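> Before I ask anything, let me first share the structure, which is written out below as C-alpha cells.
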Amino acid sequence: MPVNEITHLRDSSQPNLVMKAIRITSYLALATTCSIALHVMAQPPKHPSHRPQHPPHPHSPPPNGMRPQFGDALPGLTKAQMATFLDGKDDFEDTETEAGGLGPIFNRSSCVTCHNAPATGGAGPINVTRFGRTENGVFNPLATLGGSLQQELEINAVLHEVVPPEANVVAHRNSTPLFGLGLIEAIPDQEILRNVRRTPFDGVLGKVSKVADAATGKTLIGRFGWKAQQATLLSFAGDAYLNEMGITSRLFPVENAPNGNAQLLEQYDTVADPEDVVDPATGRGDIDRVADFMRFLGAPPRMPPNNPAAAAGRSVFQNTGCAVCHVPLMMTGPNKISALSQKEVWLFSDLLLHDMGTLGDGIAQGTADVRDMRTAPLWGLRASAPYLHDGRAQTVDEAIKAHDGEAKASKDRYLRLSKQQVQQLIDFLMSI
Ligand code: HEC
Ligand code: HEC
C-alpha cells in the first residue's frame, strides 16, 4: 500500500511558507551575527518554576449515587489512596502557566482540556498532529525539524511550530479516554503476549509493542496510546507533560525546540529544568500525582444487561469476529494495590498492534510500523465519540466500515449482517 494512499499530503499553505521564511531568516541571522555572541555571552540565569500547590484533601470519597459513574475512583481504594486520587485529579485539572514552565511550545495548558468527556479523565474531540517523511518505504520522524509531534501553541508568536515543508505524511490523533487505565497497566506482559498468534486466525496475527520504559528503565510491553507506544502511566504522564504542555520533569528533562531551532528555544525557555520539581518531603512531582490519579480512575461503568437486543448483540460481536482482536476480558496480576489485584478488566482489546491496511496512520513509532495500530479498547464507547485514531468516525458504524488489513474479514462479515443484527451489535457496544 503506497503511503500516499493512507495519509494525505500536506498542502503547502501560505502560513507555512511564511514560517519557513522566518525560520530561514532566523538561522541566517544567527549564523552571521548572533552565533559568536551567543557562545561568548553567558545565558541569563533561569528562574525556578512556580507551580500550583494544593491543600491536602480530606480523606473521604466524594458523595456518590447508587450506580458507578464515569470519572469515579476504582472501587475498594483505601482512604489514603482516595486522597491520592483526589490530589492527582487537582493536578490533572490545573492550568499551567508560563512561570510554572508551560511551553515555550505546547498543545494545551491542562490535561483536562483534552481529556474531559463525559468527566475529568475522559476522551475529547481535540486532535494533535504528527508528521514525518516517508521515502522509499522508510519513515523519518523529522526529529531535527521538531517531529513527529507538532506543538501548535507557543508563549511567543516567533516560536510558532509548523508542519515543515519536508513532511509528506501528516496524521491526526484523537484524545483517548483514560478510564480504567490502572487496570490496563496492571495486566501482566505475559497475558498480552498470549494474545499473539503464530498462524493467522481469520486473517489476524497481532504483535506486541516493545517499549524502553522511561519510568522503570526496563523493556516492557507497550499498551497505552494509539500505537501502544507507552507501557506505564508514569511514563505517559511524563511524556504528556513534556509534549502536550512543555513541562519538563525528571523523566523527560529536555524541552522541545520549535521546529528543531535550539537557539530560539534557548532564548525563550527561561524556567529551569526540570520544571516539575519533586517535593523533597515525598520525592514526588506532578507526574507522579497525575499518574496515581489515572491509576485509580475507575473503569467505564457497564450498563446493566436489561436490554435483550444488547444481549443478542454480544453473540453478533463474537460471530462477526470482532472479539478476535477486541478480546472482551483480561485479568490483572497480583498487585500490592488490592483494588488492582487479580481483577477482571472488561476492556475489549488484546492490547496488540495490528496491520490495519488503509486505516493505518502512516506514522512509524517504536515497534509500530506505519500501518500498525493498537486495538482500541471498546469499553465506555458510548461516551468516547468521535472514533478512530483521527476521530474521523462520528458513529460506531462508520468506525467499523473503515476497518481494513487484518480486520478485513471481520469487516466484510459486518457488511453482510442484517439490519436487525447491526442494531443488536450497536446496542451491545453502547452498553459495554
Ligand atoms: C492537546 C491535547 C492533550 C493534552 C493537553 C493531553 N493529552 Fe493525553 N492524549 C491526547 C491524545 C491526542 C492522545 C492519543 C495520543 C497518541 O496515542 O498518539 C492522548 C493519550 C493519552 C494517554 C493514553 C491513553 C490510552 O488510551 O492508552 C494518556 C495516559 C494520557 N493521554 C494522559 C495525559 C496526561 C496525564 C495529560 C496531562 C499531563 C495529557 N494526557 C494531556 C491529547 C492530549
Ligand atoms: C484485526 C483486529 C480487529 C478486528 C478483527 C476488529 N477491530 Fe475494531 N479496531 C481495531 C483497531 C486496531 C482499532 C483502532 C483503529 C484506528 O483508529 O486506527 C479498532 C477500532 C475500533 C473502533 C473505534 C474505537 C475508538 O475508540 O475509536 C470500533 C467501534 C471497533 N473497532 C469495533 C469493531 C467491531 C464491531 C469489530 C467487528 C465487526 C471490529 N472492531 C473488528 C482492530 C480490530
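The values are calculated or read from the model by the stated rules, or taken from the named source; none is laboratory data. In this text the structure is predicted, and so the values were computed from the model without any measurement. For neighbour counting, all protein chains shown are included, and Cβ atoms are generated from backbone atoms with ideal geometry for every residue, glycine included.
> Among the residues of segment 113-132, what is the count of those that are surrounded by 21 or more Cβ atoms within 10 Å (Cβ to Cβ) and assigned to a helix (DSSP H, G or I)?
Going through segment 113-132 one residue at a time, the tally reaches 1.
> Can you tell me which residue among L425, L381, L429 is under 30 Å from G71 (Cα atoms) and within 16 Å of ligand 1 (Cβ to nearest atom)?
L381
> A further question follows. Every residue in segment 274-296 that is touching a residue at least 40 places away in the same chain (Cβ under 8 Å) and of a type in the set (D, E), please.
E275, D276, D286, D288, D292
> OK, next. Hey, can you tell me all the residues within segment 354-377 that are within 12 Å of ligand 1 (Cβ to nearest atom) and of a type outside the set (K, R)?
D361, I363, Q365, G366, A368, M373, T375, A376, P377 - these are the residues of segment 354-377 that are within 12 Å of ligand 1 (Cβ to nearest atom) and of a type outside the set (K, R).
> Report yes if G225 is under 17 Å from the mean Cα position of the chain (by Cα), within 16 Å of ligand 2 (Cβ to nearest atom) and surrounded by fewer than 22 Cβ atoms within 10 Å (Cβ to Cβ), otherwise no.
For G225, the condition - under 17 Å from the mean Cα position of the chain (by Cα), within 16 Å of ligand 2 (Cβ to nearest atom) and surrounded by fewer than 22 Cβ atoms within 10 Å (Cβ to Cβ) - is met.
> Working only within segment 125-138, note down all residues that are within 16 Å of ligand 2 (Cβ to nearest atom) and modelled with pLDDT of 95 or more.
I126, N127, V128, T129, R130
> Here's a follow-up. Would you check if V211 is closer than 21 Å to T248 by Cα, touching a helix residue (DSSP H, G or I) at 6+ places or on another chain (Cβ under 9 Å), buried (at least 18 other Cβ atoms within 10 Å of the Cβ) and at pLDDT 95 or above?
Considered against the rule, which asks whether it is closer than 21 Å to T248 by Cα, touching a helix residue (DSSP H, G or I) at 6+ places or on another chain (Cβ under 9 Å), buried (at least 18 other Cβ atoms within 10 Å of the Cβ) and at pLDDT 95 or above, V211 comes out as yes.
> A follow-up question, please. Looking only at segment 138-152, count every residue that is surrounded by 19 or more Cβ atoms within 10 Å (Cβ to Cβ) and more than 15 Å from the chain's Cα centre (by Cα) and tell me the total.
Going through segment 138-152 one residue at a time, the tally reaches 5.
So that you can scan it fast, the table gives a plain yes or no per residue for (1) of a type in the set (F, W, Y); (2) in contact with a helix residue (DSSP H, G or I) (Cβ under 9 Å, 6 or more places away or on another chain); (3) more than 16 Å from ligand 2 (Cβ to nearest atom); (4) in a helix (DSSP H, G or I):
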| position | (1), (2), (3), (4) |
| --- | --- |
| S235 | no, yes, yes, yes |
| T248 | no, yes, yes, no |
| L251 | no, yes, yes, no |
| V254 | no, yes, yes, no |
| D273 | no, no, yes, no |
| A281 | no, no, yes, no |
| V290 | no, yes, yes, yes |
| P300 | no, yes, no, no |
| F317 | yes, yes, no, yes |
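> Can you name the residue in segment 390-404 that is within 16 Å of ligand 1 (Cβ to nearest atom) and within 14 Å of T358 (Cα to Cα) and is also surrounded by the fewest Cβ atoms within 10 Å (Cβ to Cβ) among such residues?
Here the residue is R392.
> Restricting segment 162-179 to residues that are in a loop (DSSP other than H, G, I, E, B) and either among the charged types (D, E, K, R) or near ligand 1 (Cβ under 10 Å from one of its atoms) (or both), which is nearest to A237 (Cα to Cα)?
L178
> Filter segment 405-432 for residues that are more than 9 Å from ligand 2 (Cβ to nearest atom), touching a residue at least 12 places away in the same chain (Cβ under 8 Å), surrounded by fewer than 19 Cβ atoms within 10 Å (Cβ to Cβ) and not in a helix (DSSP H, G or I) and give the result.
Selection gives M430 alone.
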